[in-house]
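Written below as structure tokens is the structure these notes are about.
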Amino acid sequence: MAGIACLLAGWFPVGVSIVAVFLFAGPHNWIEARYLMTRMPPKWGPLRRFFLTGIGGVIGLTASFASISWVGQWANWSPTTYLIAVASWNTALVVWVLTLVHWRSQQNPRRDWNWTVPVGLFLITLTWIWPLTWDLGLVYLHPLLALWFLDRELRTHRAEWRSAYRSCLLMVPVLLGILWWQLYDSPSLPGNDLLTSRIAAHAGAELLSGISSRLLVATHVFLEVLHYGVWVAMIPLVSLESAAWRIQDVPLAKRSPRWKWGLSMFLVIGAMLVLVLWAGFFLDYPLTRDIYFTVAMLHVLAEIPFLLRLL
């Protein structure tokens, strides 16, 4: 799968990006939400502080992330004001992660993660020096988190597959190397239409103007397709022990009938939003894509507390 994704991303970066986001952006978020439900215990007990910090951070950081984009355009912020806002948001993100790491390290099995504090302070320094570059790093690193989730799930549910999976992971940097070797001196993407420009900008073409936009888009598309493949195909195959719509098997649903009903409605509304997203892509793909990648910060952040719980 990785080889095919790399080949298609290199040959048709814009086309693959359009098709992949259209087909899988909504469904992979729904599947991820269903998966995360199964990883939250029915009663939080000593984990209450950890989960409340996680949920509060996800909501607050997502809202502020969207506000920076939308309010900045509405208020016509100066470049300096925008950079300060971005650096402040990045700082809040690092502080939130450090807080979660601290609470997680206090849970059994206890771990000595004090080394994360100087690392976090170093990252905060970097974000004030290069705020936009730091943000771009999130764009490229986030798809790789899915590979980490899959590794942890294989350890629990399919230990006999884990060795082969880790061997396959070695192909990812190899394929990236081939992609970069083939495209490092390629001309930038042709066309100045809005959609191509937005796809290139999301991949960092405006910030990394000295690098071919074709290479940047192809790299991002390759990683994104891997991300979608893991969530849409591999995670359900490995870890979902029942049909996705069987909400009664979710631990949280066992708390009370109200919780079961609430989680059911959450999934129903989520499925409806997937349909709305597809309709939006049909009606105005560039606008819907911009809105999606702004709001999608919610699922990017939501992965962090659950990944820490798996460590």
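The values are calculated or read from the model by the stated rules, or taken from the named source; none is laboratory data. All of these numbers come straight from a predicted model, not from anything done at the bench. Counting neighbours? That spans all protein chains shown, and the Cβs are built from the backbone with ideal geometry, glycine included.
Things to note:
- Answer residue from the range 120-138, given it is more than 17 Å from the chain's Cα centre (by Cα), free of Cβ contacts under 8 Å to residues at least 40 places away in the same chain and in a helix (DSSP H, G or I) and is nearest to Trp89 (Cα to Cα) among those: Ile124
- Within the range 297-311, residues that are part of a helix (DSSP H, G or I) have Cβ atoms under 6 Å from residues that are among the aliphatic types (A, V, I, L, M) in these pairs: Leu301/Val58; Leu301/Leu61; Ala302/Val58; Glu303/Leu145; Pro305/Leu100; Phe306/Leu36; Leu308/Leu100, counting only partners at least 6 apart in sequence or on another chain.
- Residue, nearest to Phe266 (Cα to Cα), within the range 23-68, restricted to residues that are surrounded by fewer than 18 Cβ atoms within 10 Å (Cβ to Cβ) and in contact with a Ser or Thr (Cβ under 8 Å, 6 or more places away or on another chain): Thr38
- Residues in the range 164-184 that are over 23 Å from Met234 (Cβ atoms) and at pLDDT 85 or above: 5 in all.
- Put simply, of Ala66, Ala85, Ala92 the only residue that is part of a helix (DSSP H, G or I), over 30 Å from Val238 (Cα atoms), in contact (Cβ under 8 Å) with a residue 60 or more places away in the chain and of a type in the set (Gly, Ala, Ser) is Ala66.
- Scanning the range 95-110 for residues that are in contact (Cβ under 8 Å) with a residue 40 or more places away in the chain, more than 19 Å from the chain's Cα centre (by Cα) and surrounded by 15 or more Cβ atoms within 10 Å (Cβ to Cβ) yields Thr99, Trp103, Arg104.
- Set Glu160, Glu224, Glu206: member being outside any loop (DSSP other than H, G, I, E, B), within 18 Å of Gly137 (Cβ to Cβ) and of a type outside the set (S, T, N, Q): Glu224
- Of everything listed in (1) without any contact (Cβ under 8 Å) to a residue 60 or more places away in the chain; (2) more than 16 Å from Tyr140 (Cα to Cα); (3) not hydrophobic (A, V, I, L, M, F, W, C), the single unmet condition for Arg289 is (1).
- Conditions (1) modelled with pLDDT of 90 or more; (2) surrounded by 15 or more Cβ atoms within 10 Å (Cβ to Cβ); (3) acidic (Asp, Glu); number of the one not met by Asp284: (2)
- Selection from the range 203-222 of residues that are crowded, with 23+ Cβ neighbours inside 10 Å and of a type in the set (Ser, Thr, Tyr): Ser213
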